[in-house]
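The values are calculated or read from the model by the stated rules, or taken from the named source; none is laboratory data. Model, not experiment: these values are computed from the prediction. Reconstructed Cβ throughout: ideal geometry from the backbone, glycine too, with neighbour counts over all protein chains shown. Each accessible area value is taken on the protein alone, full model and side chains, heavy atoms only, with ligands, DNA and RNA left out. Shrake-Rupley method; radii C 1.70, N 1.55, O 1.52, S 1.80 Å.
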Amino acid sequence: MIMSDWAPQNYEEAVEYIEELPKFTKKHSLQHTRYFLEKLGNPGYDRKIIHVAGTNGKGSVCAYMQAVLGAEEKKVGFFTSPHLIKINERIQLNRSPVDDDTFYRVFLKTLGIVRMMQEEGFEHPSYFEFLFGMGMMVFGESDVEYIILETGLGGRLDATNAPENPLLTVITSVSLDHTEILGDTIDKIAYEKAGIIKENVPVFFDGSSREAAKVIRRIASERRAPCREITNHAYEIQEVSRNCIAFSRKNAYDKDITWYVPICGIYQVMNAEIALQAIEYVLRDIEIDWVKWMKAVFSVRWEGRMERIAPHLTVDGAHNLGALEAFVQSLYKLPKGDRELPVFIFSAVSDKKYEQMISYLCREIKAKAYIVTEIDDKRKVPVSKLSELFGKYTTAPVYERNRIEEVIQTAYEVRGDSEIYCLGSLYLVGAVKKYLAGGSSDVRFCGRIEEVPAKSGGRGY
């Protein structure tokens, strides 16, 4: 039993209860999660569910899909992880986190069901499972038409895979991450991600990795799931600036439109393309106003992905080698002044291939300095270890700092005319953003949406 006699009296105590769960319980089987959801009344099962898995890009793809559906006046619920600053970020309605009152009210309902389960002899849901149950409760009580579920880890055994009849499944880029759980090869990891594919349910996926694509196509065929493979042949990048990327799509419907993603990560074009093709299928029976969709894509602000949060300071959630490679590719595309001798702020968790990440970063980008720090998590890599590894792969100065305010201060002191990039861990990104409390930004977006030529109409699928 977990704190069975304690009833949190407010939002803050509810969050405290949830944050304590990892100390008392663990991940359970899908059968356990399905029973949990059944006891909750299978909330949200009557809505149109889009299930998204992948190593990198899941959150961004979900953000673009939300934006486009919203542009068509569709109401959308979104379950995501992790949160950067506040736990409410994990449960969103129409692109906004639920408010504290709703969170606490649904928490109490969910906790009541969990205690009934415990009396029956079932274990308490894990941290992620409990929040997923809460999310489905929120969606079930609301008037959302669509629910977008982002997997937490893997796919096949993830709690979000409990609903068995989604409208659509989406798999983003696949690379090596969580290898101790998902497997040590792309094939094995792709198999876990492809576990979300359901019988006769269409799947849209990033075909950039040949190994992953082969596995996904095979499983889709076995499950008779219509399969759309998306590669970089689907679009053409026209221009990359500090604040956005211009690209065109290679199809018969909107090939004359210039699209903009307001994030300078080069990988965001693929993420936007996957989202657009998925929603073209979902809304295939409507006449599409491409300019409206283009404005929706341009409106997306996905925190922690090549995000400029203060003058000369960009944060990126690259926390595995695949994401770091994408970050470096994006840096190569930026104007020379934005990539010359940058200052890097870096931290990592112990279950990542952090030495490979450090080696790759030092090899690919010549830096002015590195500032290493620890995250506030039991899986943190000690700052001394990170400093030692950077010293192994670079001759640039390496500074050890334990407090976020010291990290930021040091970065600005040593940068000169250089840009500062913070990466290695989403926990670090969250800590920096929380410290700066949103910060000021000197972002100036490229292009003027109102002046983009467009063609309207057509189904696009």
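A single entry from VAL398, VAL407 fulfils the requirement of being at pLDDT 90 or above, crowded, with 16+ Cβ neighbours inside 10 Å, in contact with a Lys or Arg (Cβ under 9 Å, 6 or more places away or on another chain) and of a type in the set (Val, Ile, Thr): VAL407.
Quick grid of which residues meet (1) at pLDDT below 95; (2) in contact with a Phe, Trp or Tyr (Cβ under 6 Å, 6 or more places away or on another chain); (3) buried (at least 19 other Cβ atoms within 10 Å of the Cβ):
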site: ILE171; (1), (2), (3): no, yes, yes
site: ASP177; (1), (2), (3): yes, no, yes
site: GLU180; (1), (2), (3): yes, no, no
site: ILE189; (1), (2), (3): yes, no, yes
site: ILE196; (1), (2), (3): no, no, yes
site: ALA212; (1), (2), (3): yes, no, yes
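Could you check the range 321-337 and list, in sequence order, the residues that are out of contact with any strand residue (DSSP E or B) (no Cβ under 9 Å at 6 or more places or on another chain) and either at pLDDT below 80 or of a type outside the set (D, E, K, R) (or both)? Quick ask: steps written out before the conclusion?
At the first step, the residues of the range 321-337 found to be out of contact with any strand residue (DSSP E or B) (no Cβ under 9 Å at 6 or more places or on another chain) are 321, 325, 328-329, 332, 336-337.
Listed by number, the residues that qualify are LEU321, VAL328, GLN329, TYR332, LYS336, GLY337.
Does the range 300-320 contain at least one residue that is at pLDDT 85 or above, assigned to a helix (DSSP H, G or I) and touching a helix residue (DSSP H, G or I) at 6+ places or on another chain (Cβ under 6 Å)? Within the range 300-320, none of the residues are at pLDDT 85 or above, assigned to a helix (DSSP H, G or I) and touching a helix residue (DSSP H, G or I) at 6+ places or on another chain (Cβ under 6 Å). Selection within the range 214-247: residues that are closer than 22 Å to TYR332 by Cα and acidic (Asp, Glu). The member of this set that is modelled with the lowest pLDDT is GLU239.
Would you point out the residue of the range 340-378, among those that are part of a helix (DSSP H, G or I) and aromatic (Phe, Trp, Tyr), that is farthest from ASN320 (Cα to Cα)?
Just the residues of the range 340-378 that are part of a helix (DSSP H, G or I), to begin with: 354-364.
Next, from what is left, pick out any that are aromatic (Phe, Trp, Tyr): 354, 360.
Numbers: TYR354: 7, TYR360: 11 Å.
Here the residue is TYR360.
Looking only at residues in the range 118-143 that are part of a helix (DSSP H, G or I) and in contact with a His (Cβ under 7 Å, 6 or more places away or on another chain), the one that is farthest from LYS39 (Cα to Cα) is GLU129. If the condition is being open to solvent by 70 Å² or more (accessible area, probe 1.4 Å) and of a type in the set (Ser, Thr, Tyr), then the range 329-372 contributes only TYR332.
How many residues does the range 118-141 hold that are crowded, with 19+ Cβ neighbours inside 10 Å and either of a type outside the set (A, V, I, L, M) or farther than 25 Å from LEU426 by Cβ (or both)? Total satisfying the criteria: 13.
ILE375 - would you say it is at pLDDT below 85, open to solvent by less than 20 Å² (accessible area, probe 1.4 Å) and in contact with a helix residue (DSSP H, G or I) (Cβ under 7 Å, 6 or more places away or on another chain)? Break it down stepwise before answering.
On the way: at pLDDT below 85: yes; open to solvent by less than 20 Å² (accessible area, probe 1.4 Å): yes; in contact with a helix residue (DSSP H, G or I) (Cβ under 7 Å, 6 or more places away or on another chain): yes.
Yes.
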